[in-house]
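Working notes, beginning with the structure itself.
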């Protein structure tokens, strides 16, 4: 073991800058602040992973005290792209999002292959080489704790073998569920493949010394699957990301959504309600702007066209993380849509907490008894409306619009400081200290 003043933690993660998107934020921010609490992070990550977006602005958050080890990874995506007719330099969307068209038959076949042959995921070919490399590395460079974060869950399988062979405490961090993730049923699994996924999930949950979960619902699911020590540390916001200059609100009545919008996150009921309002309320139509920042599934575009909303849409491609705060703080309303899937109650996206830090009203559509609803109620950061409550959506929109017209659309949120990345890292450090 290293000295108490200089404890070391190995973090095995697939996503790391220059990778952008949601998957990188959690551990990038933890490692940014961990040295302040006596922990030296060592990152182990692929050098050439198949990442959906590049965001060079995130490099600034890598602390000088962090050691980053990058190793080559082989993934079958070059075959996948050839099979579906995609260019090699094109990025693969996450979560079965298809922007311009319905998925082709070849894509469905490739999904079936992915789900049934690449278990737990397409990064499985990195497991054995990583174990071999890290066994040698850790023998010469001992650490106090190993942390793996998934998805992809191959990261957990690397850590599990290291724990077994070196007897180093291991924490498995789940940013999302495994077999209960929203697109699990889209993998077209055979019964055999489904059993393998569940078996591996249980093995990780029962062998890790500690499980980290992002919310209460996910924690309870893992306890039922045999985990014994589960700690909730949510995602959060970084105060240093917030633009503290005077920011003007959008002139239009802007409803702003940040991030990808796959089919399961397409708020059909909202589009239908907005379509009705722009048809029946000329004043509303005059000021409405729907700002979608990030990739949207073709089903979203179809819905917007169906409800005659295309002319109100301001579509913005991926924006680097250092510019997101300004867009959020300028919004009249921030739209949070929870995937309409069986795990909806437990979904807590990272952008939810960044929305709260922006201190603009959040309009959330999702389960009113889920984890996000509880936090919204606790912080008074916005309102959540059930997937099918069209009347409440209409009344809420009109109420927001009336306040907007009176230059009085604001929110008095409270109790959000505990969701700052620095405070959450303090929780993490306390957990690490309790294990070593």
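Numbers for the structure displayed
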item	result
All positions within region 290-332 that are surrounded by fewer than 15 Cβ atoms within 10 Å (Cβ to Cβ), in contact with a helix residue (DSSP H, G or I) (Cβ under 7 Å, 6 or more places away or on another chain) and in a helix (DSSP H, G or I)	310
Meets criteria (free of Cβ contacts under 8 Å to residues at least 12 places away in the same chain and not in a helix (DSSP H, G or I)) for residue 251	yes
Any chance residue 159 is touching a helix residue (DSSP H, G or I) at 6+ places or on another chain (Cβ under 8 Å), assigned by TED's automatic domain parsing to the domain that holds residue 75 and touching a residue at least 40 places away in the same chain (Cβ under 8 Å)	no
Residues of region 349-361 satisfying the condition of being within 25 Å of residue 299 (Cα to Cα) and surrounded by fewer than 24 Cβ atoms within 10 Å (Cβ to Cβ)	349, 350, 351
Region 262-289, subset outside any helix (DSSP H, G or I) and under 21 Å from residue 405 (Cα atoms), residue farthest from the chain's Cα centre (by Cα)	281
Qualifying positions in region 234-247 - at pLDDT 95 or above and either surrounded by fewer than 16 Cβ atoms within 10 Å (Cβ to Cβ) or in contact with a strand residue (DSSP E or B) (Cβ under 8 Å, 6 or more places away or on another chain) (or both)	236, 237, 238
Top-ranked residue in region 216-233 [being touching a strand residue (DSSP E or B) at 6+ places or on another chain (Cβ under 8 Å) and part of a loop (DSSP other than H, G, I, E, B); ranked as surrounded by the most Cβ atoms within 10 Å (Cβ to Cβ)]	227
Given (1) at pLDDT 95 or above; (2) at negative phi; (3) surrounded by fewer than 17 Cβ atoms within 10 Å (Cβ to Cβ), index of the condition residue 42 fails	(3)
Matching residues in region 180-191 - criterion: being over 22 Å from the mean Cα position of the chain (by Cα) and farther than 18 Å from residue 109 by Cβ	191
Criterion: in contact with a helix residue (DSSP H, G or I) (Cβ under 8 Å, 6 or more places away or on another chain), buried (at least 19 other Cβ atoms within 10 Å of the Cβ) and assigned to a strand (DSSP E or B) - qualifying residue of 335, 424	335
All positions within region 22-42 that are in contact (Cβ under 8 Å) with a residue 60 or more places away in the chain and farther than 18 Å from residue 173 by Cα	36, 37, 38
Checklist (1) in a loop (DSSP other than H, G, I, E, B); (2) at pLDDT 95 or above; (3) in contact with a helix residue (DSSP H, G or I) (Cβ under 7 Å, 6 or more places away or on another chain) applied to residue 368, failing item	(3)
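Every residue, every condition in (1) under 20 Å from residue 139 (Cβ atoms); (2) modelled with pLDDT of 90 or more; (3) not in a loop (DSSP other than H, G, I, E, B), yes or no:
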| residue | (1), (2), (3) |
| --- | --- |
| 10 | yes, yes, yes |
| 14 | no, yes, no |
| 25 | no, yes, yes |
| 28 | no, yes, yes |
| 33 | no, yes, yes |
| 57 | no, yes, yes |
| 73 | no, yes, no |
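Yes or no, residue by residue, for (1) outside the structural domain of residue 259 (by TED's automatic domain parsing); (2) touching a helix residue (DSSP H, G or I) at 6+ places or on another chain (Cβ under 9 Å); (3) modelled with pLDDT under 95; (4) surrounded by fewer than 16 Cβ atoms within 10 Å (Cβ to Cβ):
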site: 81; (1), (2), (3), (4): yes, no, yes, no
site: 95; (1), (2), (3), (4): yes, yes, yes, no
site: 108; (1), (2), (3), (4): yes, no, yes, yes
site: 119; (1), (2), (3), (4): yes, yes, yes, no
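The values are calculated or read from the model by the stated rules, or taken from the named source; none is laboratory data. Since the structure is predicted, the reported quantities are computational estimates derived from the model, not experimental observations. Every residue, glycine among them, receives a Cβ derived from its backbone with ideal geometry; neighbour counts consider all protein chains shown.
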